[in-house]
Structures are given as C-alpha cells and as structure tokens.
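**Q** Have a look at this one before I ask anything.
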Amino acid sequence: MHPRELRFAGILVLSILGLALLAGYVVGTLNKPVAPPEASDARVVFEDTADVGPDGRRVGSNLPGYLEVYVNDYADLLLPETEDRIRADLIELYDQTGVEMTVLTIPSRATYGFDGTNEAFATALFNDWGIGNAERNDGVLVAVSRFDRKMRIELGMGYGTRRNADMQRVIDDHFLPHFRRDAYDWGIEDGVEETIREIAGVYPGSYDSPVVLRGWSLIWRNLTQLAAPVLALLAAPFLAIPFVWRAYARRRPRSCHACGTQMMRQAEDVDDAHLDGGQRLEEYVKSVDYDIWECPSCAALRIARYPAWFSRYGSCPSCNYRTLNSETTVLQTATAARSGRKRIDYSCENCGHQDSETRTIPRKSKSKSSSGSGRSSFGGGRSSGGGASGSW
C-alpha cells in the first residue's frame, strides 16, 4: 500500500475513534449514577408475614402483601431465570443508589377484592408497603395486572411530577409492545432495565463502568430502539468504510516496478495458475484471497494477498499458510470454587502439522455479597400518586 494511502487511512480511523470517544464521554458524563441516599431507620414490616398467601392475599385486606421486597410474581408471568436476573438488578440498584424498587404482578385487582382504578390500587399499595427511603421518598413500584390488562409505574412523592413523562415513555416503548404479544417475561425485564436507567442514570451492570463505556452503552441501547431502517441508515456509512476502503485498495491502478507500465488485474478463474498449492488451499477455505496483477509489456507479475477478516483458520507455524484449524475440548469445567482446563488441538490442512496445548479456564466469579440481598422490609416511603400508567 502506498504511504500516502496509509496516512489517509490512519487519519480516517483516528478521526472516527476520536469522535466515538468524545460522544461516549459526553453521554456518559451527562448520565452519572445517582448517589445513594442516607440510610433510614424507618421500616415497614407486616405484623405476621405468615398471613400472606402464595398469591399475596392477606386476611382482612383488599391489597396483596409481599413475600419479598424485590419481585412478587403472583400472576406467574416470569420464568425463574428471568425473575433471578430482575432480582439481581434490583438488589444492585439498592446497593449502588439506595433506591428501593419492587416488581409486582397480579392476576387482577378483583383477586384481592379491590374495587377501584389501577392508579388508586398502585398508590394504596405503595403506601401500604412503604416502598422507598422515608426521608427521600424515592421508591419505585412496577405493578402489572394481567387480566385487567393494565400496568402502573408508581413513584414516591420525592420525585414530584418531573419523572412522569419519562415513566410514560418507558411504559409505551418497553413494556406495552411486548405485552401486546403476550411476551410478559420479555417485556417486564426490558421495562425494568429501562426504568432503572431512568431512575439511576445507568443500566444494570454499568455503575462502575468508565465514563466512555457507560456513554456508549446508553448510545447503543438507544440506537437499537430505533426502527430497523433508521438504524441501518445511520450505521451503513460507518460499517461500509472498511469494505469500501478494501475494494479501493484492491482495484486501484498499479504501475509495473520494472518498466512503469500500468498493470492489469487477472480474472479469478485464471489467477490460480500463478498460485502455489498452499495459496490455492487458502483461497479454497476462504482464509485468504489473492489478486494477480500482470504487466502487459514485460509480463512481470505481482501477487497481492488479502487475509479474510473473519476466518476460523490461523497461520501454521510450520508452513506459514493460513490453513491451521483448531478444535477445543473442555477437560474440566470451571466453577466458583476451582478453575477448569481445556485442550486445544491444532491441525494444518496444508502440511499436516499437528500440535496440542492445555489452557486454564478461569474460575467463575462469585456474586458479590450485598446489603440489599438481606433486606426483608421496605423503608417507609410514600407516594402522592405520581408515575404513569398503560393498558394493552
């Protein structure tokens, strides 16, 4: 490649990387995680939790009780693994920000004898449970009533009305599209993640991420919410850059080093005559593509090599052709208590070279202990009816 072309390519790549880093830094800075509030001594504990049935019913009450403070799936809408992920996200939210957020699903309000609106039910339940910090009143309740086909995000009075529009967007864009397809499991998890982002400023798992990574996490999630044609239109110019550049580099005019005459690129069906066996095998397994340029004046040849960007073949240490295949066998599975082992067997399809090596599989990380995982009651927060509702 000509030095001038290398400089142009380098400037182009650095410019794109610079703009990407700047965009990620700006977005990440504007979406800092919320600082945790001071702990509150106020707690709401049901006098006899044994009176709370498996469907949440309580004797003498037209509101369900809670069996835990994070997820009460009385309508059985969540798969066990989804419920575990949501619970982990809510525990992390509490540990990182102090915000108490809980998810409730019920068959219907009539199941508990409640004769009132969806909004009245959510506000009464929020205050009955005492969700949120008592001083900050920053609790969040996500309530889904399956057969009423209504849901509510109820907010503590500490938010006022400033977050109502944000919660409405979350409901309209993340909960309801899934609910209309009866994909409750997917919709609740998607909606909870987006609610956490609105409340905490970051998505689950991103609290300790560098500013740039946190920013690009938000940018990417928002891009993926756009309609597919719009996303494709925005991404196409960036995705096309390396392909356009390679196409230009392969087809640009070349001058013969011997006589200066402009060379001609041979067709694919005739260039194999100028390749050796290893090169032809590389083309056959699609690990490398070759172009043959011939000078019409002095018949000089130039072979241009273009390795495939995505190939399962590596370079053979024996013959140096990119025809080395590998297969991995797990010898011992890694656990949280011990590391594992795997064997990688190498074989070259060109020269027959074979080799094998054993590698260590890192131990699986244990889940961090958290103060939120031991909570059994709410902090005494209250709601004045703020939040948003939806139906499907």
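**Q** Looking at segment 333-357, which of its residues are loosely packed, with under 12 Cβ neighbours inside 10 Å and more than 36 Å from the chain's Cα centre (by Cα)?
**A** Within segment 333-357, G352, Q354 qualify.
**Q** If you don't mind, there's one more thing I want to ask. Quick check: is even one residue across segment 319-332 surrounded by 15 or more Cβ atoms within 10 Å (Cβ to Cβ) and farther than 30 Å from R246 by Cα?
**A** Checked against the condition, which is being surrounded by 15 or more Cβ atoms within 10 Å (Cβ to Cβ) and farther than 30 Å from R246 by Cα, segment 319-332 yields no hits at all.
**Q** Separate question: Cβ-Cβ below 7 Å, separation at least six or inter-chain, first residue in segment 243-269 and closer than 16 Å to Y306 by Cα, second outside any helix (DSSP H, G or I) and at pLDDT below 85: which pairs?
**A** A249/M1
**Q** Of the residues that make up segment 79-100, is at least one at pLDDT below 95, in contact with a helix residue (DSSP H, G or I) (Cβ under 8 Å, 6 or more places away or on another chain), within 24 Å of R180 (Cβ to Cβ) and part of a loop (DSSP other than H, G, I, E, B)?
**A** yes
**Q** Listed residues G156, G116; which is touching a Gly at 6+ places or on another chain (Cβ under 6 Å) and more than 17 Å from A75 (Cβ to Cβ)?
**A** Exactly one of G156, G116 is touching a Gly at 6+ places or on another chain (Cβ under 6 Å) and more than 17 Å from A75 (Cβ to Cβ), namely G156.
**Q** Also, I was wondering about something else. Looking at segment 285-310, which of its residues are touching a strand residue (DSSP E or B) at 6+ places or on another chain (Cβ under 8 Å), among the hydroxyl-bearing types (S, T, Y) and loosely packed, with under 15 Cβ neighbours inside 10 Å?
**A** Hit for segment 285-310 is Y306, nothing else.
**Q** Find all pairs meeting these conditions: Cβ atoms under 9 angstrom apart; at least six residues apart or on different chains; first residue within segment 128-141 and at negative phi; second residue among the acidic types (D, E) and assigned to a strand (DSSP E or B).
**A** I131/E154; G139/E154; V140/E154; L141/E154
**Q** Sort out which residues of segment 270-281 are free of Cβ contacts under 8 Å to residues at least 60 places away in the same chain and either touching a Gly at 6+ places or on another chain (Cβ under 6 Å) or in a helix (DSSP H, G or I) (or both), and write them in order of number.
**A** If the condition is that a residue be free of Cβ contacts under 8 Å to residues at least 60 places away in the same chain and either touching a Gly at 6+ places or on another chain (Cβ under 6 Å) or in a helix (DSSP H, G or I) (or both), then V270, D271, D272, A273, H274, Q279, R280 are the ones that fit.
**Q** Look at G116 and say whether it is over 17 Å from G65 (Cβ atoms) and more than 31 Å from the chain's Cα centre (by Cα).
**A** When the stated conditions are applied, G116 passes them.
**Q** Within segment 299-316, how many residues are part of a loop (DSSP other than H, G, I, E, B) and either of a type in the set (S, T, Y) or modelled with pLDDT of 95 or more (or both)?
**A** Going through segment 299-316 one residue at a time, the tally reaches 4.
**Q** Could you list, in sequence order, the residues of segment 135-181 that are assigned to a strand (DSSP E or B) and over 12 Å from G390 (Cα atoms)?
**A** The answer is V140, L141, L155.
**Q** Then there is this: Here are F243, F310: which of them is of a type in the set (F, W, Y) and within 26 Å of P362 (Cβ to Cβ)?
**A** F310
**Q** Tally time: how many residues in segment 358-376 are modelled with pLDDT of 80 or more and in contact with a Phe, Trp or Tyr (Cβ under 8 Å, 6 or more places away or on another chain)?
**A** Qualifying residue count, segment 358-376: 0.
**Q** Of a type in the set (K, R), at pLDDT 85 or above and not in a loop (DSSP other than H, G, I, E, B): does that describe R246?
**A** Judged against the criteria, R246 is not a match.
**Q** For segment 77-129, enumerate the residues that are of a type in the set (G, A, S) and within 21 Å of D55 (Cβ to Cβ).
**A** The answer is S108, A110, G113, G116, A120, A122, A124.
The values are calculated or read from the model by the stated rules, or taken from the named source; none is laboratory data. Because the structure is a prediction, the values reported are computed rather than measured. Backbone-built Cβ (ideal geometry, glycine too); neighbour counts: all protein chains shown.
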